[in-house]
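Enquirer: One structure, as structure tokens, below. Some questions next.
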Amino acid sequence: MERLELWDHLYYLASDMELPWLVGGYFNEVLHEDQKIGGLPVHPPKYEDFAFCVNSCGLFEQGYKGSRFTWWNGRSNAEYIFKRLDRSFVNFPFHNMFPNIEVEYLIRTGSHHALLLMTCGVQTTNFVKPFRFLNFWTKHATFMDVVRQNWEADFIGDPFLMFKKNIKRVKATSQNRVGNTW
């Protein structure tokens, strides 16, 4: 009965959930028969209740790396049991916010459960700051010299590329002389 109460509680939370939502941990239940090896057979009503809860809550797993079994009973030979009991689920708003999420199940150390490592995959992209002309630069004593020096530098090519190259030179010179302000 304890599991059914948890599924009901999750469903209750999901009924009002519009925000990005991640639910993870030790659920002590498999979702499918193939998520257990060894021991007694899995009873379909138990894992079907869990699967119904997950689907009703609009949750899904985004895939994972590592072993598909997250729990081991610690025994060997004919007495071993492996199950997939630990997992993380997300809803679509969470998936949209973190589309590159990665879940990795690490090697079991000191526990019968595999550690779950989640990386949200937010990668910062390097981008070039656009050139911004600030009027106060014209008041600087060396302004005209810097512009003239960089504008008259040798460069042959498309007029637009020449303009772009000149802007880059002025920007680089200004950063070298007074930092990012001139």
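None of the figures in this text is laboratory data; all of them are computed from the coordinates on show. Remember, predicted model here, so these are calculated numbers, not experimental data. Reconstructed Cβ throughout: ideal geometry from the backbone, glycine too, with neighbour counts over all protein chains shown.
Enquirer: Excluding residues on the same chain fewer than 8 positions from K65, give the lysines whose Cα lies under 18 Å from its Cα.
Expert: K36, K83
Enquirer: A further question on this structure: Could you check the spin-label model distance between K168 and L115? Points 7 Å from the Cα along Cα→Cβ, value in nm.
Expert: 4.4
Enquirer: Report ³J(HN,Hα) in whole Hz for each residue of segment 59-74, in order, from the Karplus equation J = 6.51 cos²θ - 1.76 cosθ + 1.60 where θ = phi - 60°; Gly and Pro get x.
Expert: Each residue of segment 59-74 in turn: 9, 7, 8, 9, x, 7, 10, x, 5, 7, 9, 9, 9, 9, 6, x Hz.
Enquirer: Another question, then. Under 5 Å between amide H atoms, partner at least 5 residues away or on a different chain: which partners does G24 have, H built in plane at 1.01 Å?
Expert: For G24, the qualifying residues are F89.
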